[in-house]
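Colleague: For reference, the structure I am asking about is given below.
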Amino acid sequence: MLRLVAEHVGHQVRKMAQEAGARACEEIAGNSAKGRKELEKEFVSTYHNILLFRIACDTSSSSTGGGDATEGAGAAVTVDSYLSDILRRHLLCTLCTTACHLVLRMLAVHYSLPIPFESPTGLTLAEREKVLASLPLSVSAQLTPWVATLKGSSVEDFLAGLEKVAGTCQIHLKKLDKKKLRSIAHAHRLDFLAQMRETSDPATVLHLATVACYAGMTGLALHIPGSAIPTLLNHMDGLDPETLAALKELSTQIKESGGNVDPQLVQRVQQLAPGAKKQATGH
């Protein structure tokens with residue numbers, strides 16, 4: 001009798017364990033699918049921003065980019081090779097790196113790699129190398145040259161490499177049409193202006209006001225390090241004289257005063273920046 005009871009109990013325990021294991025597998029699969037979906041959504045947004053910001057890196061596109069990407073755009077901003085190189089390297093170090101890490105995180109989910117990550121979406125350099133080393137050899141062999149483009153200076157090489165590995169990574173790369181470009185650029189401009197109104201820090205105001213004015217003039221958006229803002233201002237002669245003078249004066253005060261900037265000048269820049277798009281000229 002005891003043996004029968006033990007067998008019955010053992011059977012029930014095994015059945016419960018199997019059911020619990022099945023539920024756990026379903027939960028893991030569900031979480032993986034959810035994690036992949038969230039990563040894909042962030043990747044698409046990052047990829048589209050790279051395509052938009054890359055236009056401003058091109059010395060030829062940036063001088064006619066407004067006309068090509070948007071209808072009725074304002075004055076042109078000519079970017080020389082020096083500033084173009086700064087923009088390209090900054091884009092590679094920031095958004096391109098983010099896009100690369102999102103792809104690797106998606107692959108880590110796909111192959112169920114048992115790697116603990118410090119952040120929900122990003123990667124440290126050590127984690128990046130660990131993911132590459134843990135992927136199937138055929139996959140890592142394709143991805144390694146692409147990842148290496150992050151150390152270069154060509155956004156085009158990064159994007160070309162991304163297209164090559166897209167099939168392996170099971171991601172769909174959708175290009176931006178003119179309407180989508182206009183929409184994203186306009187959203188960035190509104191975001192720049194909103195952030196500018198919420199801060200009183202002179203350097204931040206200068207940075208946000210300048211990129212907002214650039215967006216108003218060209219119909220494009222710019223991803224630029226703060227240290228390059230004074231250089232950009234030297235290329236924005238098409239901006240209305242009053243706004244350009246205020247921006248350059250604020251830039252000079254920040255550089256020469258050691259942080260002791262006239263608050264009224266900061267407020268003046270904040271007031272002028274939203275109207276820069278209407279005041280820009282093409283002459």
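Colleague: Keeping the other protein chains in place, figure out the carbon and sulfur percent of the accessible area of region 87-236, with a 1.4 Å probe.
Modeller: The value for region 87-236 is 56 percent carbon and sulfur by accessible area.
Colleague: Another question about this same structure. At 1.4 Å probe radius, can you tell me the per residue accessible area of region 98-255 in Å²? Working shown, then result.
Modeller: Details: 7350 Å² over 158 residues.
Here the per-residue accessible area is 47 Å².
Colleague: Ranked highest first by the average count of other Cβ atoms within 10 Å around their residues, in what order do 169-177, 100-108, 86-94, 49-57 fall? Let's see the in-between values first.
Modeller: On the way: 169-177: 13.4, 100-108: 24.3, 86-94: 19.1, 49-57: 22.2.
Going by the mean number of other Cβ atoms within 10 Å, highest first, we get 100-108, 49-57, 86-94, 169-177.
The values are calculated or read from the model by the stated rules, or taken from the named source; none is laboratory data. Keep in mind that this is a model prediction, so the values were computed, not measured. We place every Cβ from the backbone using ideal geometry, glycine too, and count neighbours over all the protein chains shown. Ligands, DNA and RNA are stripped out before the accessible areas are found, and what is left, the full protein with its side chains, is counted by its heavy atoms. Shrake-Rupley method; radii C 1.70, N 1.55, O 1.52, S 1.80 Å.
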